[in-house]
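This report refers to the structure that appears directly beneath it.
The values are calculated or read from the model by the stated rules, or taken from the named source; none is laboratory data. Everything numeric in this text was worked out from a predicted model, so none of it was measured. Every residue, glycine as well, gets a Cβ built from its backbone with ideal geometry; the counts of neighbours run over all protein chains shown. What goes into the accessible areas is simple: the full protein's heavy atoms, side chains included, and nothing from ligands, DNA or RNA. Shrake-Rupley method; radii C 1.70, N 1.55, O 1.52, S 1.80 Å.
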Amino acid sequence: MIDVTDKVVSLAKRRGFVFPGSELYSGIGGIYDLGPLGVELANNIKKVWWKNIVSQRDNVVGLDSAILMNRQVWHTSGHVESFADPLAECKNCHSRFREDSLPKSGNCPACGKNDWTESRMFNLMFKTHIGPVEEEGSETFLRPETAQGIFVNFGNVVDTMRVKLPFGIAQIGKGFRNEITTGNFLFRVREFEMMELEYFTFPKTAEKDFEYWQKERMDWHLSLGLKKENLRFREHESDERAHYATRSVDIEYNWPFMDWGELEGIANRTDYDLKQHAKESGKDLSYFDEETKKKIVPYVIEPSIGVGRMMLALLIDAYTEEKAPTAEKGESETRTVLKLHPNLSPVKVAVLPLVKDQKLIKIAKEIHKDLKQEWETMYDEVGTIGRRYRRQDEIGTPYCLTVDFDSLKDNSVTIRDRDSMKQERVKIKDLQEYLRAKLS
Ligand code: GAP
C-alpha cells in the first residue's frame, strides 16, 4: 500500500506546492523550493502564527533580526562548542549517518555491512565568511536558530518598547543546519523557516509559564484542524535536551513515516543565554523590576516550530480520498481532497463559468476581478465542471463559485462547499459579505 506521505509528496510536486531545490541540476540534498501554492500555504501558516502569538497579545512584540551575526554570538551561545550530532562513517562504503538514526541492527542503510568508524561529533552550523578575505577572523555562521537574534536585541527592545516582565519577543525567519542525514521530505532539511517565541519571565513563575505555553501551543495546533489523535506531548530525558535547556517538551505528531516525532519544541532556557551574552559582551542584560526595585535576569520559555514541518503535518492530516458522486446518476468516483482549514488554504475561492460561453465568462471574470482584491482567487474555464471541482478539491480550495445560465436571469451564482459538496445560490452583490462570514 502506498503511504500517505508518498501521495502528499506527489501532490505537492504535481500541484505546485513544493519543488526539489535546484532540480534543473539534479537537485541539492535536503533543500526544497516552495511553488506558487506552497508559498501561499506557508504565508498563511506564518500569518496565523503571528496573529496568535504577536497581534492578539498585549505583551508580545515582533522582531526581524539579520541571519548573519557576529561570530562571537555563536561562541557565546555555546553553538560552536555544542551544536553537534554524533556522526558515524561506514568503513565499507564511506556513507555517513547520524549515529542515533541508524537501524537497530546496526547495519549500514546504504550497503548493509556493519563496520563503522569511531563516532565523532559533527557541528551542524554552516560556515561562511564576511568580507573579501577568507581567514579565521572573517569567519561566521548561518544561524541555526533565530533565537540568538532575539537575545542580542533584548536590551534594545526593553529600552525602546516599555515592555514589562513577563513579555515575549517573536520572530519568523530562516535557519540553516548542515544535517548529517536529511529526509522524509520537509521533515528534516538543511534550510528552513522557523517561528520562534522567546518569552521572558520571572524565574519563580517560569515553570507555570512553561505549562501555560504548552497548552497554548497545543490549542493552536488543534484550532488549525490537526487531528487530536495525531498529537501528543513528550517530555525530553535529561540526556536529549539542548545544551541551553533545563526542561524540554515536544509536541509530537504521529508521522506516517516514523511514528511519533517532534513537530514543535518547547524549552525552558532559564537565564542561560542572557547571562552568557552579558558575561561575554560586558553589557548589562538584566531587567529592573519596578515592584521589588531589584535587577533580575529573566528566565526564558521558548516555543519553536519549523514552517515546513508544520506544512508537512497539515498536508498529511488534510489529505483525504473519498467516494463522491459523478455527473452520471448513481455513479461514483474517488475524489482527493485537501481538507485544510480555510484560513490556511492557498486559494480561497475558485470562479468557474459552467461552460465556455462568452456571456458566462464575462460575468465570471468580473466576479474574479472583484474577489481578488480581498482573497486569493483562481479563475478556471478549462474542462468539465466536475473535473474543475476535483482540481480545486485537490489543492484544498474551500469554495467553488459557478456562473451558469440562470446567473444571467437571477444575478446569482452557485457556491459549492469543498467538504460537504453542498451547493447554495448566492446573489452576486452579496458575495463579499457571504465569503467574509465564512473566511477570516
Ligand atoms: N531555538 C530552538 C530550536 O532551535 P529545535 O527543536 O532545534 O529548537 C525548533 O528546532 C523546530 O524547528 C523543531 O521543532 C522543528 O519544527 C524545526 N526544525 C528543526 N530542525 C529542522 C530541520 N532540520 N528541518 C526542518 N525543520 C526543523
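The set of residues in the stretch 142-185 that are surrounded by fewer than 22 Cβ atoms within 10 Å (Cβ to Cβ), more than 16 Å from the chain's Cα centre (by Cα) and part of a strand (DSSP E or B) comprises L142, F167, G183. Looking only at the stretch 77-126, residues that are in a loop (DSSP other than H, G, I, E, B), hydrophobic (A, V, I, L, M, F, W, C) and farther than 17 Å from N178 by Cβ come to 5 in all. The set of residues in the stretch 362-407 that are buried (at least 16 other Cβ atoms within 10 Å of the Cβ), outside any helix (DSSP H, G or I) and more than 25 Å from the chain's Cα centre (by Cα) comprises Y379, D380, E381, C400, L401, T402, V403, D404.
Can you name the condition, by its number, that H221 falls short on among (1) modelled with pLDDT under 95; (2) in a helix (DSSP H, G or I)? Condition not satisfied by H221: (1).
Where residues in the stretch 235-253 are closer than 17 Å to G306 by Cβ and not β-branched (V, I, T), which of them is surrounded by the most Cβ atoms within 10 Å (Cβ to Cβ)?
This residue is Y253.
Within 12 Å of the ligand (Cβ to nearest atom), within 20 Å of the chain's Cα centre (by Cα), open to solvent by less than 20 Å² (accessible area, probe 1.4 Å) and closer than 25 Å to R177 by Cα - does that describe any residue in the stretch 292-302? Yes, the stretch 292-302 contains at least one residue that is within 12 Å of the ligand (Cβ to nearest atom), within 20 Å of the chain's Cα centre (by Cα), open to solvent by less than 20 Å² (accessible area, probe 1.4 Å) and closer than 25 Å to R177 by Cα.
Among the residues examined, E322 qualifies as in contact with a Lys or Arg (Cβ under 8 Å, 6 or more places away or on another chain), more than 16 Å from the ligand (Cβ to nearest atom), open to solvent by 10 Å² or more (accessible area, probe 1.4 Å) and farther than 19 Å from G168 by Cβ. Under 9 Å between Cβ atoms, at least 6 apart or on separate chains: pull out the pairs that start in the stretch 298-324 with a residue that is within 15 Å of D393 (Cα to Cα) and in a helix (DSSP H, G or I) and end on any residue that is near the ligand (Cβ under 9 Å from one of its atoms) and not polar (S, T, N, Q). Correct list of pairs: L315/L186.
Answer yes if at least one residue in the stretch 334-350 is farther than 21 Å from E376 by Cα and within 16 Å of the ligand (Cβ to nearest atom), and no otherwise. No, the stretch 334-350 contains no residue that is farther than 21 Å from E376 by Cα and within 16 Å of the ligand (Cβ to nearest atom).
Restrict the check to the stretch 257-274 and report whether at least one residue is in a helix (DSSP H, G or I), β-branched (V, I, T) and open to solvent by less than 20 Å² (accessible area, probe 1.4 Å). Within the stretch 257-274, none of the residues are in a helix (DSSP H, G or I), β-branched (V, I, T) and open to solvent by less than 20 Å² (accessible area, probe 1.4 Å). When the stretch 422-435 is filtered for residues that are in contact (Cβ under 8 Å) with a residue 12 or more places away in the chain and assigned to a helix (DSSP H, G or I), the ones remaining, listed by number, are I428, K429, L431, Q432, Y434, L435.
Selection within the stretch 336-356: residues that are of a type in the set (K, R) and surrounded by fewer than 19 Cβ atoms within 10 Å (Cβ to Cβ). The member of this set that is farthest from the chain's Cα centre (by Cα) is K356.
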